Amino acid sequence: QSHLEVLTTFEDVALIALANRGEERRTAVMEKYGVPRGYDDFRRMIDKEALDCALVLVSIENTVEVASYCLRNGLPVLIEKPPGLKAAETRRLIQDADVGGSIHMVGLNRRFYSNLRSGLELIRERGPIVSMVVEAPELFERIKDSGKYPAGILARWLFANGIHCLDFLPFIGG
């Protein structure tokens, strides 16, 4: 819902429709953010609505399926990370974007965090970066024990969440 909170602050953005399989949650989010139409199937929403773009904000297991459908149908898409848990899935999204003639972006938002921006400003004041180490401490045992993620995602955790650190390398280091 963080994305919707931000989008509602822009005068030139209109939230048109929302797709979510859970009717109770869908209705609550629609009411909270003033979204006029809701769907229980994202395909029906995309086929029926005249959308300018789509935000794919689904579980990791469903990202490729939903993003792929949007891209093949020519919708510009913001994809919540990761775009895929395997290189083949990410390549598929690139191919689908080519087929649909659409553009896409992976929402790697941590590069916009204020503490990172402040740190980069301090680094630039002191001169160019000559070497870099990125640390991303995560309590992986706690993540595993939470039961929130299936084994397939845990096995690919570097791509599921560590993608932010991978993004920092070219973003910060050039």
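The values are calculated or read from the model by the stated rules, or taken from the named source; none is laboratory data. Predicted, not measured: the structure shown is a model, and the values here were computed from it. Please note: Cβ atoms are built from the backbone with ideal geometry, for glycine as well, and neighbour counts cover all protein chains shown. The protein model used for the area step is the full one, side chains on, heavy atoms only, and it has no ligands, DNA or RNA in it. Shrake-Rupley method; radii C 1.70, N 1.55, O 1.52, S 1.80 Å.
Observations
- Residue match in the range 114-121 (condition: touching a residue at least 24 places away in the same chain (Cβ under 8 Å) and more than 20 Å from the chain's Cα centre (by Cα)): yes
- Condition met for L51 (over 29 Å from A151 (Cβ atoms), modelled with pLDDT under 95 and either of a type in the set (S, T, N, Q) or touching a Leu at 6+ places or on another chain (Cβ under 7 Å) (or both)): no
- Residue pairs whose Cβ atoms lie under 6 Å apart, sitting 6 or more positions apart in sequence or on different chains, and linking a residue in the range 145-163 that is farther than 16 Å from E89 by Cα to a partner that is at pLDDT 85 or above and surrounded by 13 or more Cβ atoms within 10 Å (Cβ to Cβ), are L154/K144.
- Total residues in the range 26-38, condition open to solvent by 70 Å² or more (accessible area, probe 1.4 Å) and either of a type in the set (A, V, I, L, M, F, W, C) or farther than 24 Å from S68 by Cα (or both): 3
- Cβ-Cβ under 9 Å pairs, at least 6 apart or on other chains, the range 1-18 side part of a strand (DSSP E or B), far side at pLDDT below 95: L18/L4
- Scanning the range 160-174 for residues that are among the small types (G, A, S), surrounded by 12 or more Cβ atoms within 10 Å (Cβ to Cβ) and assigned to a helix (DSSP H, G or I) turns up just one, A160.
- Subset of the range 77-92 [assigned to a loop (DSSP other than H, G, I, E, B) and crowded, with 17+ Cβ neighbours inside 10 Å]: K81, P82, P83, G84, L85
- Test: residue in the range 62-76 that is in contact (Cβ under 8 Å) with a residue 40 or more places away in the chain, of a type in the set (A, V, I, L, M, F, W, C) and either open to solvent by less than 60 Å² (accessible area, probe 1.4 Å) or not in a helix (DSSP H, G or I) (or both): no
- Scanning the range 54-68 for residues that are within 17 Å of V99 (Cα to Cα) and out of contact with any strand residue (DSSP E or B) (no Cβ under 7 Å at 6 or more places or on another chain) returns V64, E65, S68.
- Condition met for L139 (within 16 Å of the chain's Cα centre (by Cα) and not hydroxyl-bearing (S, T, Y)): no
- Here the range 39-59 is the region considered, the condition is being in a helix (DSSP H, G or I) and open to solvent by less than 40 Å² (accessible area, probe 1.4 Å), and the residue that is farthest from V29 (Cα to Cα) is I46.
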